[in-house]
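Here's the structure, in structure tokens; my notes come after.
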Amino acid sequence: MAYSRTLCSSLYRVSRLSANTIFRRNLSVSHKQCNSQTTVGFIGLGNMGRPMATNLIKKGHSVVAYDVNVEAMECLQDEGASIVSSPAEVASKVDSIITMLPNSQHVRSCYTGEKGVFETVQPGTLIVDSSTIDPSVSKELAGAALKKGAVFMDAPVSGGVNAAKGGTLTFMVGGDEKEFEAAKELLLSMGKNIVYCGAIGNGQAVKICNNMLLAITMIGAAETMNLGMRLGLEPKLMASIISTATGRCWAMELYNPVPGVLENVPSSNNYEGGFGTALMTKDLGLAQDAATKTLSPTPLGSLSHQIYRLMTNSGLAEKDFSSVFQFLQEQHKK
Ligand code: NAD
């Protein structure tokens, strides 16, 4: 199966005589050359997708973009992208496609729905889905892509909006190992660490586990800061001491949930931007589904899911997930 797909892709590449598609396979070609010659479709221009697409443009790619939000498309058009009116139109014009959408349903409909990618995808197209979704949906879409002669890989990211802007994301890639180097070439325009995780869906599996821990540690950082402040501690001092002590963690040190402790993090910007509470709730739901399927005990993951669900229903859905600090503070007022 993999052989026939690869053969089909190769024939397509040769027949098209596309420099880009040949570069995709020719690993001796320098990264710079590869970057300057690729036409990339980008679907989903939100908090993450827009800066990622901007970095592709900066690295010399031609970007063909689509988002249901016209304003988001127009912003990227100002930066040099072409904009089109559907995922199918994207797929008809490009050699590779990246999707960065909220959840499994969005991703499935983007590929298999009306005017979706699979209506027009060309054989040999490299598809990379960087959304965080159910690993079983990645597997399902990889199978559907294969029938079209295209290659689908899951490559969710870690690093957040600042890493997306800075081009320093970590990509956790699942899929056919033979396609990994081609995917890596492309993803290096947006990230620093491109890690092969194994079979299709494995990137999502790592991502879901990471985010479960992130949710747990963010709640821990928020409740610790809240307690310390109620004991009269100055938040910056407290954060700096814990960040060099055994309580050190990313949420405390680099993404502190208390407004004013750090600059350039969502908590110092009214919890705007960053990683939305609704998205974290979604990821915790994915982790709980996976835990149920594998009979894995995840007591803190389960409790975190409930806390983020409560926040989502309390007006914090669109705020950054570090707003759990604000949520805890509000409990005092009740
Ligand atoms: P977002 O909600 O800011 O952006 C999603 C974008 O997709 C929006 O612009 C929306 O209009 C668009 N969209 C929705 N449905 C669409 C469709 N059918 N066709 C085209 N466009 C559509 O989300 P985000 O923060 O950019 O996150 C995207 C994905 O990345 C999510 O799966 C999230 O879990 C994951 N992620 C986010 C972060 C983060 O810090 N924000 C970090 C790592 C991973």
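The values are calculated or read from the model by the stated rules, or taken from the named source; none is laboratory data. Keep in mind it's a predicted model, so treat the numbers as computed, not measured. Reconstructed Cβ throughout: ideal geometry from the backbone, glycine too, with neighbour counts over all protein chains shown. All accessible areas refer to the heavy atoms of the entire protein, side chains included, with ligands and DNA or RNA removed. Shrake-Rupley method; radii C 1.70, N 1.55, O 1.52, S 1.80 Å.
Structure summary
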quantity: Qualifying residues in segment 230-239 (those that are open to solvent by 60 Å² or more (accessible area, probe 1.4 Å) and not in a loop (DSSP other than H, G, I, E, B)) - the one nearest to residue 254 (Cα to Cα); calculated: 236
quantity: Selection within segment 120-151 - open to solvent by less than 10 Å² (accessible area, probe 1.4 Å) and either away from the ligand (no atom under 15 Å from the Cβ) or touching a residue at least 40 places away in the same chain (Cβ under 8 Å) (or both); calculated: 124, 125, 126, 128, 130, 131, 133, 138, 145, 149, 150, 151
quantity: Hits in segment 153-170 (condition: under 14 Å from residue 127 (Cβ atoms), within 11 Å of the chain's Cα centre (by Cα) and part of a strand (DSSP E or B)); calculated: 154
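Residue-by-condition table, conditions (1) open to solvent by 40 Å² or more (accessible area, probe 1.4 Å); (2) away from the ligand (no atom under 12 Å from the Cβ); (3) farther than 23 Å from residue 49 by Cβ:
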site: 258; (1), (2), (3): no, yes, yes
site: 263; (1), (2), (3): yes, yes, yes
site: 269; (1), (2), (3): yes, yes, no
site: 280; (1), (2), (3): no, no, no
site: 285; (1), (2), (3): no, no, no
site: 293; (1), (2), (3): yes, yes, yes
site: 297; (1), (2), (3): yes, yes, yes
site: 301; (1), (2), (3): no, yes, yes
site: 326; (1), (2), (3): yes, yes, yes
